[in-house]
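See structure below.
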Amino acid sequence: IAASGNIVSDIGGYFKKGTSRFSIRTSQVATLIIGAVAILMASQIEQVINLMLQSYAVMVAGLLVPILGALYWKKSSPAGAFAAIIIGGFLTLSLEAMKVDFSVTKNREEVISVWQQQAASLPEIKISEVKTTEMIGMINEAQLYKIPAVDKWRPLPLKLNPIIYGILASLTVFIGLSYLIPKKE
């Protein structure tokens, strides 16, 4: 409910000044959409701690740069901050969603099949001498990401955490748009 209130007052109020009836209806729709997305995300997460960590990663990637920029950079603009929040959060969320995470419930044949398909990104081993759980651990440790457009799994460049890419994207967009669309004096 708090998120929908923020959306209606902060974003909706910026674009359109409406009646209280319009605000209530917009708040109801926003609550429904945010609730549905939250339920969908929660159903995909096996452990609550993972959901919390991903939520904080998205928040930090989106908010760190605009907050620091607003406090310490005189040329920062609302347009740059808004776009940086969206881009940084979305990129981090997208990368987290593409991360390959095998659970230990996979059977050996599936794991071996994945291992053989992704051999270039994984350590060289003798499959017959390694337990399934060890192979799953090595696949997870390789930090592979499934790229839907090419149906390939690859590690991120430099094997950095997705939040780093989100922060860098947020920084780039924030600086670029702050120069292109300066704040009104």
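Just so you know, all these numbers are worked out from the coordinates, no wet-lab data involved. These figures come from a predicted structure and were not determined experimentally. Here the Cβ positions follow ideal geometry from the backbone for every residue, glycine too, while neighbour counts run over all protein chains shown.
Between the alpha-carbon centres of segment 162-185 and segment 107-125 there is a gap of 39 Å.
A Gaussian network model of the chain, with springs between Cα atoms under 10 Å, assigns the largest mean-square fluctuation among A38, A57, A169 to A38. Once both labels are positioned 7 Å from their Cα atoms along Cα-to-Cβ, the gap between N107 and S43 label points is 2.6 nm. Computed from Cα positions, the angle between helix 48-72 and the longest principal axis of the chain comes to roughly 40 degrees. Loop-located trypsin sites (Lys or Arg not before Pro) in segment 47-101 (DSSP state other than H, G, I, E, B) with a sparse environment of at most 14 neighbouring Cβ atoms within 10 Å: K74, K75.
Contour minus end-to-end for M59 and E124, with contour as 0.36 nm per residue of separation and end-to-end as the Cα-Cα distance?
Values: separation 65, 0.36 × 65 = 23.40 nm, distance 3.73 nm.
Answer, rounded to one decimal: 19.7 nm.
Stretched out fully, how many nm does the piece from S9 to L68 gain, at 0.36 nm a residue minus the Cα gap?
18.9 nm
For K75 and K152, the difference between the fully extended length at 0.36 nm per residue and the C-alpha to C-alpha distance is 23.6 nm. Taking all Cα pairs closer than 8 Å and separated by 6 or more residues, the relative contact order of the chain comes to 30 percent.
Rounded to the nearest 0.05, what FRET efficiency do E185 and A2 give with R0 = 35 Å and r taken as the Cβ-Cβ distance? Could you check? It would help to have the intermediate numbers written out before the result.
Numbers: r = 32 Å, r/R0 = 0.92.
That pair, E185 with A2, gives E of 0.60.
Restricting the trypsin sites (Lys or Arg not before Pro) of segment 125-179 to loop positions (DSSP other than H, G, I, E, B) with no more than 10 neighbouring Cβ atoms within 10 Å leaves K126, K131.
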